[in-house]
Structure formats: structure tokens, C-alpha cells
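J.: Sharing a structure below in C-alpha cells format, with a few things to ask.
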Amino acid sequence: MDGAPNPGLLMGMAKRDLELSEGSFSTLPNHLREAVEYQLATEADDDTASYVAIQLGDFIRAGNKDAVGLLEALVAANKERAKIILAELLAKGDGIEQDCRRSIELLGSAADSGSVRAMLMLCDHYDGRRDPADTDPEKALHCLRRAADLGNETGAECLADRLVNGRCAEQCTPEEVAEIERLYQASHYTSNSYYKLAMLHSQGKQSTDYAGEEYREAVAWLRKGKRRHEGGGKKCAEQLVAWGLDGLNRKAAPKSNEAKWAWVILPFTIVIWAVIGSGLLAVANAINAVTIPIILAIAVIMAVVSFFKRKR
């Protein structure tokens, strides 16, 4: 966009200003003020707006009070990252007076605008990590579900973990199992998620009933997890070895239909080639039986003719 500040240059300049003016933060650098004015004049909520909010947050932590008003102005302009930065500062009282209630309000507003980061931060809050008095499992689960629905891998895995809640597949409804499998597969750490799916179906116990549906499901997830990432599926590979299904203890694979047919066809193939070989050998012997006497007769005749020629 024409006239927009360069984000990388802005970060470098703000960092330099922090280093040079440490201990004296009565004023903000002009270029940062100009960047804020530009953001207030545009409705765009892009990377540049995020960089401006981050730099204002750094100045606030360093003790610059002027930066607070500018960050508040960006929040009023509905800049998502500005809301999150201010919420973090208010929650910790970092360079600004602590206000946990307003912090939650800002995160809620950012989450309503579609910020996955705000949803995950709200989940942490309702898990009681900030204030045990605000613990609310239902709200935490709701935040995770919103993040997972937007395609966030961390939210998907955390939500699946909560839905499992120590249960095995037999203790869940088919609908719950289907949702848990979908969420774990959407997770970024897929090999670990496949291991969790295997444990869901087996509870880590090896079954002696190889026809058991749940055990087959567990083995299938372990094999998928092992193949998913080279080295990343270590836990899946180790579990397969522990169950005697891989490595040195790999059970003999069942013979395929092609292998079975090969053993049936092999004897017939040998017989056919034996018959063909015998026929070819007989033909060769027959040719030799006629050819050798003829050659001997010709040799005798030529010797006799040569003898009589010399007599003359």
C-alpha cells in the first residue's frame, strides 16, 4: 500500500530507539507516532498494524506512558493485535495498572473478531491458570472448540484431549469417537496424535484376540503414525515393537493371493518345460543320427576318388 510504513524497518527503528533511550522514555520516536496515525486513518488490520502494536507494547513495558494512550487508540480503532497486547499488559500489570476484568473483555472482543490466539488465551484463563476463581471448564471447552473449528492445530489437539478425558473408545459413543479421530488428525503433531488414537482404542494393552475390532483399530493408527513422519513416529514404532508387530519381532505377514497362486502354478510350469525340453532333445538326436553317416560316406567316396586319380 502506498505510503504504508515498512514493517521490518519499523521494528528495527523502534528497537534501536529502545536501546538508545533506555532509562528515559518521556517521548516516543516520531516514526512510531506517524505509524500510529497512519493506522488510525485506515481500516486495514494487517501485519503493519501488528508491528506497531508490538512496539508500543515494548515501550509500555519499558515505562513509557505516552505509548499507553496510542495503544488505547489502536484498540478503539478495532485493531486485533492491539487488543491482545493491551490485554496481556493489563493481566500482568506490566508497565500499566493491572486490570484482569478489562483484560478478559479485550480478549473476548478479539476472539469475537476471529482471533484464534485470543481464543486460546481465554481458554488458559478459564482453566484457572491466571485466576483460579475464574475457572470455568465449559467456557474453556467452548474457546477450544471455536479455535479448532477455525482450523487451529493446537486447539484441535487440546480439544480432543479434553473430549477423551481418560476414557477409552468403548466408553464413548460412535459420534464422540468420530469427532475425536477427526480432531486428532487435524492436529499439527500428527504422529503423536496417532499414538493417542491408538491408546484410545487399546488403553495401551495388547490384545490376544486378533479379530478384535478395537485392537485392529489401534494397530492401524500406530502404523499410520509411524509412516507419517520419519523419526517423528518414534512412539508409534516403539509401541509396535512392544506388541511384537514390528522390528525383530515382526509377525510373519499373511500370504497374499498372488503368492498362493504362484505355488499352484509352479509344478505345472515345470512339467510343461520338461516336456518341451525332451522334445527338443529328441529332435537333436534324430538330426545327429542321419547327418553323421552321410558325412562319413562322403568322406570315403572322396578318398577313393582321390586314390584312383593318383594311380592314373
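The values are calculated or read from the model by the stated rules, or taken from the named source; none is laboratory data. Worth saying up front: this structure is predicted, and the values here are computed from it rather than measured. Backbone-built Cβ (ideal geometry, glycine too); neighbour counts: all protein chains shown.
J.: Between residues in the range 158-177 that are assigned to a helix (DSSP H, G or I) and residues that are modelled with pLDDT of 90 or more and hydroxyl-bearing (Ser, Thr, Tyr), which pairs lie under 7 Å by C-beta distance while being six or more apart or on different chains?
T.: Listed by first residue and then by second, the contacts come to Ala160/Tyr184.
J.: Taking the condition of being at pLDDT 85 or above and not in a helix (DSSP H, G or I), how many residues in the range 186-206 meet it?
T.: Result for the range 186-206: 0.
J.: Which residue is nearest to the chain's Cα centre (by Cα), if the candidates are limited to the range 117-137 and must be over 20 Å from Asn152 (Cα atoms) and of a type outside the set (Val, Ile, Thr)?
T.: Among residues in the range 117-137 that are over 20 Å from Asn152 (Cα atoms) and of a type outside the set (Val, Ile, Thr), the one nearest to the chain's Cα centre (by Cα) is Arg129.
J.: Taking Ser103 as the residue in question, decide whether it is closer than 23 Å to Asp46 by Cβ, part of a helix (DSSP H, G or I) and among the hydroxyl-bearing types (Ser, Thr, Tyr).
T.: no
J.: Still on this structure: Just checking, which of Glu170, Glu175, Glu157, Glu138 is of a type in the set (D, E, K, R) and surrounded by 17 or more Cβ atoms within 10 Å (Cβ to Cβ)?
T.: Glu157
J.: If we scan the range 87-107, do we find a residue that is within 21 Å of Ser50 (Cβ to Cβ), of a type outside the set (Ser, Thr, Tyr), within 30 Å of the chain's Cα centre (by Cα) and buried (at least 21 other Cβ atoms within 10 Å of the Cβ)?
T.: Yes.
Quick grid of which residues meet (1) under 33 Å from the mean Cα position of the chain (by Cα); (2) modelled with pLDDT under 90:
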position	(1), (2)
Gly12	no, yes
Asn30	no, yes
Val36	no, no
Gln55	yes, no
Arg61	no, no
Lys65	no, yes
Gly69	no, no
Ala77	no, no
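J.: Return yes when Leu18 is modelled with pLDDT of 90 or more and surrounded by 16 or more Cβ atoms within 10 Å (Cβ to Cβ) and no when it is not.
T.: no
Residues are listed down the side, and each one gets a yes or a no for (1) of a type in the set (Lys, Arg); (2) surrounded by fewer than 12 Cβ atoms within 10 Å (Cβ to Cβ); (3) at pLDDT 70 or above; (4) in contact with a Gly (Cβ under 8 Å, 6 or more places away or on another chain):
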position: Gly231; (1), (2), (3), (4): no, yes, no, no
position: Glu238; (1), (2), (3), (4): no, no, yes, no
position: Asp246; (1), (2), (3), (4): no, no, no, no
position: Pro254; (1), (2), (3), (4): no, yes, no, no
position: Asn257; (1), (2), (3), (4): no, yes, no, no
position: Trp261; (1), (2), (3), (4): no, yes, no, no
position: Ile265; (1), (2), (3), (4): no, yes, yes, no
position: Ile276; (1), (2), (3), (4): no, yes, yes, no
position: Val283; (1), (2), (3), (4): no, yes, no, no
